[in-house]
Amino acid sequence: MKLAGITRLDDARLAPFALWTGTLEERCRKAHAMGYRGLELVVRDPSLLDLPNVLSTIRGAGLAIPQLVTGELNIADRLRLMTPSDNVHREAEGRIRSVIEMAAMLDAFVNIGSFRGRFEGFDSRERAYAIALERIGKVADWAAASGVRITLEPINRFEADYVLSAQDGIRFIRELGRSNVGLMLDLFHMNIEDRSIEASLEETMRAGLLWHIHITDSNRLAPGQGHLDFNSITGALHKVRYQEYLSAEIHPLPDPDAAAEETATFMFGHGVARPH
């Protein structure tokens with residue numbers, strides 16, 4: 001298993017889980033020194049970024065870019081796939097296509113969490129569910145044409161109204177029928193929605209859909225600051241031979257550098273091998 005963490009590319013105020021301080025080059029240097037192997041990037045509008053410089057800076061520091069996080073498209077720009085507004089939906093589609101193009105350049109997943117939107121404003125849940133399959137399917141097809149994979153994220157009931165648990169995610173993806181869509185599971189949401197974190201991780205892995213994991217403790221702080229049993233969680237992942245990223249999505253407290261260091265130290269002591 002490989003350790004990654006989320007960082008920003010633009011306004012820090014719009015990336016509440018962003019780790020490390022300083023320029024992108026300085027953050028890369030800190031992450032690598034702490035033992036991280038990847039940086040997960042918070043993205044809003046790729047057209048405003050110098051993507052060749054982003055790629056060369058991160059790769060030059062010996063880091064990979066496992067995933068692009070799209071939540072700020074919804075939170076900051078109010079763009080989402082599920083909306084009764086044709087204008088918002090059309091703009092959301094245009095923006096996600098630009099994120100897919102960025103992901104193709106960086107060889108990264110595109111995460112779809114809160115950006116998928118909610119069922120509010122639709123005539124019925126059944127109709128909304130069918131529309132969600134259609135709209136996310138269209139995004140998946142655009143991604144497939146660019147060689148990009150999509151990671152759908154189950155989100156707890158207080159922040160979303162469909163695809164809440166790992167089981168919901170497995171069911172949705174099977175109905176979607178796109179081979180380039182898998183699941184990204186987040187321990188914070190799993191702690192609320194899943195009967196057993198370990199059993200859900202194992203079930204998703206057996207289904208071939210466990211592509212990425214966000215780690216955090218039960219209170220959204222660094223691992224070790226809440227009540228989750230990380231020895232049990234990493235033990236379950238070792239059991240199913242999960243070899244991909246564990247990426248920290250945590251509140252950067254007491255500060256972004258200390259939170260990143262705490263996470264690395266804790267995870268290297270709880271089942272994650274420190275890179276040589």
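Scanning for something at pLDDT 95 or above, over 17 Å from residue 42 (Cα atoms) and not in a helix (DSSP H, G or I), does the stretch 97-116 turn up at least one residue? Full working, then the answer.
Taking the stretch 97-116 and keeping what is at pLDDT 95 or above, we get 97-116.
Narrowing the set further to residues that are over 17 Å from residue 42 (Cα atoms) leaves none.
Looking through the stretch 97-116, none of the residues is at pLDDT 95 or above, over 17 Å from residue 42 (Cα atoms) and not in a helix (DSSP H, G or I).
Pick from the stretch 53-88 the residues that are in contact (Cβ under 8 Å) with a residue 40 or more places away in the chain and out of contact with any strand residue (DSSP E or B) (no Cβ under 8 Å at 6 or more places or on another chain): which of them is farthest from residue 124 (Cα to Cα)?
Among those that are in contact (Cβ under 8 Å) with a residue 40 or more places away in the chain and out of contact with any strand residue (DSSP E or B) (no Cβ under 8 Å at 6 or more places or on another chain), it is 55.
List the helices (runs of 4 or more DSSP H) that sit entirely inside the stretch 184-276 and contain at least 3 residues that are at pLDDT 95 or above, acidic (Asp, Glu) and surrounded by fewer than 23 Cβ atoms within 10 Å (Cβ to Cβ). Break it down into steps so the answer makes sense when it comes.
Working: elements: 187-193, 197-206, 230-239, 256-268.
Filter on the stretch 184-276 gives 197-206, 256-268.
Take residue 74 and tell me if it is surrounded by fewer than 21 Cβ atoms within 10 Å (Cβ to Cβ) and either in contact with a Ser or Thr (Cβ under 8 Å, 6 or more places away or on another chain) or hydroxyl-bearing (Ser, Thr, Tyr) (or both).
Values: surrounded by fewer than 21 Cβ atoms within 10 Å (Cβ to Cβ): yes; either in contact with a Ser or Thr (Cβ under 8 Å, 6 or more places away or on another chain) or hydroxyl-bearing (Ser, Thr, Tyr) (or both): yes.
In short, yes.
This table checks each residue for (1) over 14 Å from residue 82 (Cβ atoms); (2) of a type in the set (A, V, I, L, M, F, W, C).
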site	(1), (2)
100	yes, yes
104	yes, yes
108	yes, yes
125	no, no
134	no, no
139	no, yes
145	yes, yes
155	no, yes
163	no, yes
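Filter the stretch 70-90 for residues that are of a type in the set (Asp, Glu) and either assigned to a loop (DSSP other than H, G, I, E, B) or farther than 19 Å from residue 111 by Cβ (or both) and give the result. Break it down stepwise before answering.
Of the residues in the stretch 70-90, the ones of a type in the set (Asp, Glu) are 72, 77, 86.
77, 86 - these are the residues of the stretch 70-90 that are of a type in the set (Asp, Glu) and either assigned to a loop (DSSP other than H, G, I, E, B) or farther than 19 Å from residue 111 by Cβ (or both).
Consider residue 50 against the criteria (1) surrounded by fewer than 19 Cβ atoms within 10 Å (Cβ to Cβ); (2) in contact (Cβ under 8 Å) with a residue 24 or more places away in the chain: it satisfies all of them except one. Which criterion is unmet?
All conditions are met except number (2).
Would it be correct to say that residue 43 is over 30 Å from residue 120 (Cβ atoms), in contact with a strand residue (DSSP E or B) (Cβ under 9 Å, 6 or more places away or on another chain) and not basic (Lys, Arg)?
Working: over 30 Å from residue 120 (Cβ atoms): no; in contact with a strand residue (DSSP E or B) (Cβ under 9 Å, 6 or more places away or on another chain): yes; not basic (Lys, Arg): yes.
It is false that residue 43 is over 30 Å from residue 120 (Cβ atoms), in contact with a strand residue (DSSP E or B) (Cβ under 9 Å, 6 or more places away or on another chain) and not basic (Lys, Arg).
Among the residues of the stretch 143-166, write down those that are out of contact with any Phe, Trp or Tyr (no Cβ under 9 Å at 6 or more places or on another chain) and surrounded by fewer than 18 Cβ atoms within 10 Å (Cβ to Cβ).
144, 145, 146, 147, 157, 158, 159
Looking only at the stretch 25-45, which residues are assigned to a helix (DSSP H, G or I) and either acidic (Asp, Glu) or at pLDDT below 95 (or both)?
Keep residues of the stretch 25-45 that are assigned to a helix (DSSP H, G or I), which gives 25-34.
If the condition is that a residue be assigned to a helix (DSSP H, G or I) and either acidic (Asp, Glu) or at pLDDT below 95 (or both), then 25, 26 are the ones that fit.
So which of 136, 131 ends up being aliphatic (A, V, I, L, M) and closer than 25 Å to residue 249 by Cα?
Details: 131 fails: closer than 25 Å to residue 249 by Cα.
It is 136.
The values are calculated or read from the model by the stated rules, or taken from the named source; none is laboratory data. Keep in mind it's a predicted model, so treat the numbers as computed, not measured. In this analysis, Cβ positions are derived from the backbone assuming ideal geometry, glycine residues included, and neighbour counts consider all displayed protein chains.
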